[in-house]
Every structure is written in C-alpha cells, then in structure tokens.
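Quick notes on the structure that follows.
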Amino acid sequence: MTTPAPLISLTWTDHLTGRRGFLVVDRLVRGVASGGLRMREGCTLEEVTGLARGMTMKEALHYDPASRYVPLGGAKGGIDCDPRDPEAYGLLVRYLRAVRPYVESCWTTGEDLGLTQDLVDRAAAEAGLVSSVQAVYPLLDDEPAARARLAAAFAVEVDGIGLDELAGGCGVAEACLTALDRTGTPRRGTRVALQGLGTMGGATARFLARAGLTVVAVADVKGTIANPSGLDVEALLAARDAHGTVDRAVLRTEDRELPGDAWLSADAEVLVPAAVSYAIDATNQEHVRARWIVEAANMPVLPEAETALTARGVCVLPDVVVNSGTNAWWWWTLFGDIGPDAEEAFGRLRRSMRALTGLMLDRAAADGTTPRAAAHALVADRLPVIAERYGWYR
Ligand SMILES: NC(=O)c1ccc[n+]([C@@H]2O[C@H](COP(=O)([O-])OP(=O)(O)OC[C@H]3O[C@@H](n4cnc5c(N)ncnc54)[C@H](O)[C@@H]3O)[C@@H](O)[C@H]2O)c1
C-alpha cells in the first residue's frame, strides 16, 4: 500500500515563545477526522504525520457496517513542549486558538500523551470552542442526547479512575489476553513490565493485574519501579500525580527503584510500552527478554527493531489494533452503540478487541507476516469499502 500524502499538514509557531505545534489531517471521511493532541518536548511534524496515519487505520479497523458509529478519517495534533513546563497551559490555549477553524469544522480531538482530557476541555473552552469534538456534531442524529450520553460516560468512575481513562487500557489488556490465550499461556505466572503509568499504562496495568497477571516493573518519567514478586498496582495508581508520575513514598520495602530503561530488560513475558514513541530501537531491542510486546503507546517500536525482534521470535502486537479502544469507545458512546455504563463499555471493548486481534493474528498466520503487516492488510481491504460507501470528502 503506497501511503498518500496527508490532506492537511501544518506547522504553527507561537508568537510568544517561538515553540511549535503541528496538525496533520491524514484523511477525511464524511468531512471529519479524529485524533488526539499530544504535548511533549521534541515533538515533530514527522511524528504527528505518522500518528495521523495511524488514526486513519484505527478508524478503518473498527468499521462495522452494523454499528451506528461509522468511521471518520484520521488526524493528530502535537505541541513541542514539556507538559510540566509552566508555559505549557498558555501554549495549549494559543495553539487551540490558532487551529480553531479546523476543530470547529473537521478535526475532533482529545487527550493524548502529556495531556489529560480535563486540560484539553478547559483549554478548548478558553480558546472559544464549544467542545474538542464539535466537528462531529453535524453527523449525529440527536445531538443533545448524544452529548448528554458522552458527558454521562465521562462522569462514570470505576474504583477511583474515570471510565474515559480506563477504556483504552481495557482494550490493550484484552488484545494482550487474546494473544496469550491463543498460545495456551496461563494468566497466572505471566509477568508484565510497562513503560508509562499514565492514562494508557495505568489502565492496562489494572486490567492485566485483575486478569491474574503479575506486574513486575513500571517506568514513569522518574525511573523504573520493580518487584519480581509483583508490584501493588492499585497503590501505585492511587499515588500518581496529574502527569502519571508515581509518588515514591508509597513503595514497599521490597520494591526497587531502577534506572529509566530497566523496564525494557525486565524478566517478564509481556512488555507494554505505554509512554513515548520510538521507545524501542535497533540498539536497545537487544535487551528485550519478553515474548510479546503489546503497543499501548503509538509508534513505540521502530521498524528496524521490529525486524530484529521478529527474527528472534518476539511477537509485536501493533498500536493500530492494540490501543484503538479509546477512540472506538468515544464514538460508540457518542453515536449511541453503547450507553454511559462501565460494564457495557468494557463488554463491548472486550468483544471488539478480541475479535479484531484474532482477525489480525489469523491473517498474519495465513499470510506468513507480522501482526502489523496483517493489520495494514486489513486496513488496505477496508479503506476502499469505506470510500465506496461514504465517498472521500462528503
Ligand atoms: N490517552 C489516550 O487516549 C491514548 C489513546 C491511544 C494511544 N495513546 C498513546 O499512549 C501513549 C501514552 O499516552 P497517555 O495518554 O497514557 O500519556 P500520559 O501523559 O497519561 O502518561 C504518560 C506516562 O508515561 C510516562 N513517561 C513519559 N515519558 C517517559 C519516558 N521518557 N520514560 C518513561 N516514562 C515516561 C509518564 O511519567 C506517564 O506515566 C502515547 O503514545 C499515546 O499516543 C493514548
């Protein structure tokens, strides 16, 4: 599949700080594209372009003609700034003001790395926007009911964590469990190491721990916390700040503090990169001891690393499938496929992610390819079907 150039690709320079932000709309379907907004020091247009392309794929992979939610195109935004910088919030507001016409007309966005949905909502309101997803409203049958349903879903909490922050990790965990089940690997005794304990990493850790796996290492921006006998995941989750950094005061005497990259070489069957892009490269992949890498983050494994890992039998479950649950959950809720209810949401996520992961692994086995190549092949099959049904720009 040749990758077409994105429809819109723009770079914004902040007049006060000189910092840059990016917006890439890979493709519109029904006039709209979906994709989150990330903030990190060093964010580039190239990174945002790859992420926008990934969003097009996630939308296509969840295409189900029987659902009320039918896919949108893919997009992504990025701001080059450390989210903990005192200037970060003002920058976010000015970025949203600058790209406001796109958010109003064709780009639905939400939280991604470095930003929470609360912060995006607050900044969007300050930038004069109705909502970060207002571009999709014209596609809704009953807009007030849909907005009320989404607001009610965002108000749901499960054991101290919002449903919106749990949906993605529920999907990641189910993709992982599907792969384990297909190889007959028991959950008890299977060990997991994660990079990132924010929205995605935190929820994934909770769902995998509750499924019976042992979380032996988690890394955040301050370093790795490890315990071969298993960490107390709920205690770590409760001790996070708004940026997903764990307060070390809650560590038990048997927990260890290790360098930031120690999660990668942890003695674990499953690695879950759930923080930055490009985390596993051609060099550090040599330290991976796991059998599975489950991409909760976007683009965490570089292509050369994946080639080397595949050659030595490590299975990489790709981002476009694994972390697609958050996006799908928003739209299932807004379009009315599910109600604002945690059990209904988790049930739908589990069914869809299990089916999609199974389809991908079957295709990979049939074609003799990696799961990522199989996911891309599924996308290549679906995009023309979607374009046929909805046109490219209608
Ligand atoms: N939030 C979503 O809805 C969503 C959905 C799909 C995919 N993703 C992807 O998941 C990844 C994480 O996003 P998030 O929203 O969970 O982010 P977040 O900001 O909520 O959490 C990030 C976590 O990673 C840690 N971290 C950041 N830089 C690190 C580094 N260099 N080394 C170790 N740890 C580091 C932080 O301390 C924090 O624990 C991103 O790649 C994002 O694109 C997010």
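What follows is calculated from the coordinates using simple rules that are stated; it is not laboratory data. Quick caveat, the model's predicted, so the values are computed rather than measured. For neighbour counting, all protein chains shown are included, and Cβ atoms are generated from backbone atoms with ideal geometry for every residue, glycine included.
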- Item | Residue within region 260-274 that is in contact with a His (Cβ under 7 Å, 6 or more places away or on another chain), part of a helix (DSSP H, G or I) and more than 12 Å from the ligand (Cβ to nearest atom) present | yes
- In region 44-65, anything of a type in the set (A, V, I, L, M, F, W, C) and within 19 Å of Trp329 (Cα to Cα) is listed as Leu51, Ala52, Met55, Met57, Ala60, Leu61
- Query: If you check Glu343, Glu269, Glu306, which single one turns out to be out of contact with any Pro (no Cβ under 8 Å at 6 or more places or on another chain) and surrounded by fewer than 16 Cβ atoms within 10 Å (Cβ to Cβ)?
  - Reply: Glu343
- Message: Against the definition (aromatic (Phe, Trp, Tyr), in a helix (DSSP H, G or I) and more than 16 Å from the ligand (Cβ to nearest atom)), how does Tyr102 come out, yes or no?
- Response: yes
- Message: Cβ-Cβ distance below 9 Å, separation of 6 or more or different chains: which pairs start in region 128-141 with a residue that is over 11 Å from Arg30 (Cα atoms) and end on one that is outside any helix (DSSP H, G or I) and basic (Lys, Arg)?
- Response: Asp141/Arg68
- Item | Considering residues of region 135-146 that are surrounded by 14 or more Cβ atoms within 10 Å (Cβ to Cβ) and assigned to a helix (DSSP H, G or I) only, the residue farthest from the ligand (Cβ to nearest atom) | Glu143
- For region 176-208, enumerate the residues that are more than 20 Å from Arg289 (Cβ to Cβ) and over 17 Å from the mean Cα position of the chain (by Cα). Leu177, Thr178, Asp181, Arg182, Gly184
- strands (runs of 3 or more DSSP E) wholly inside region 147-257 that include at least 3 residues being hydrophobic (A, V, I, L, M, F, W, C), at negative phi and buried (at least 21 other Cβ atoms within 10 Å of the Cβ): 191-195, 214-220
- Query: Any chance region 85-97 includes a residue that's under 18 Å from Asn298 (Cα atoms), among the small types (Gly, Ala, Ser) and either away from the ligand (no atom under 15 Å from the Cβ) or without any contact (Cβ under 8 Å) to a residue 40 or more places away in the chain (or both)?
  - Reply: no
- Item | Residues (free of Cβ contacts under 8 Å to residues at least 60 places away in the same chain, buried (at least 17 other Cβ atoms within 10 Å of the Cβ) and in contact with a Cys (Cβ under 9 Å, 6 or more places away or on another chain)) located in region 8-53 | Phe22, Cys43
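Quick grid of which residues meet (1) within 16 Å of the ligand (Cβ to nearest atom); (2) assigned to a helix (DSSP H, G or I); (3) within 13 Å of the chain's Cα centre (by Cα):
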| site | (1), (2), (3) |
| --- | --- |
| Leu23 | yes, no, no |
| Arg27 | no, no, no |
| Ala33 | yes, no, no |
| Glu46 | yes, yes, no |
| Gly50 | yes, yes, no |
| Gly54 | yes, yes, yes |
| Lys58 | yes, yes, yes |
- Message: Scan region 116-123 and tell me whether some residue there is small (Gly, Ala, Ser) and free of Cβ contacts under 8 Å to residues at least 24 places away in the same chain.
- Response: no
- Selection count, region 117-130, where residues are more than 13 Å from the ligand (Cβ to nearest atom) and either surrounded by fewer than 18 Cβ atoms within 10 Å (Cβ to Cβ) or part of a helix (DSSP H, G or I) (or both): 8
- Item | Residue match in region 27-34 (condition: closer than 22 Å to Val276 by Cα and touching a strand residue (DSSP E or B) at 6+ places or on another chain (Cβ under 9 Å)) | yes
- Filter result (within 11 Å of the ligand (Cβ to nearest atom) and not in a loop (DSSP other than H, G, I, E, B)) within region 276-332: Asp319, Val320, Val322, Gly325, Thr326, Asn327, Ala328, Trp329, Trp330
- Message: Considering only region 207-218, I want to know if a residue exists there that is in contact with a Gly (Cβ under 7 Å, 6 or more places away or on another chain), under 21 Å from Asp319 (Cα atoms), more than 12 Å from the ligand (Cβ to nearest atom) and of a type in the set (A, V, I, L, M).
- Response: yes
- Message: Every residue in region 239-256 that is within 14 Å of the ligand (Cβ to nearest atom) and either touching a Lys or Arg at 6+ places or on another chain (Cβ under 7 Å) or among the aliphatic types (A, V, I, L, M) (or both), please.
- Response: Ala239, Ala242, His243, Thr245, Val246
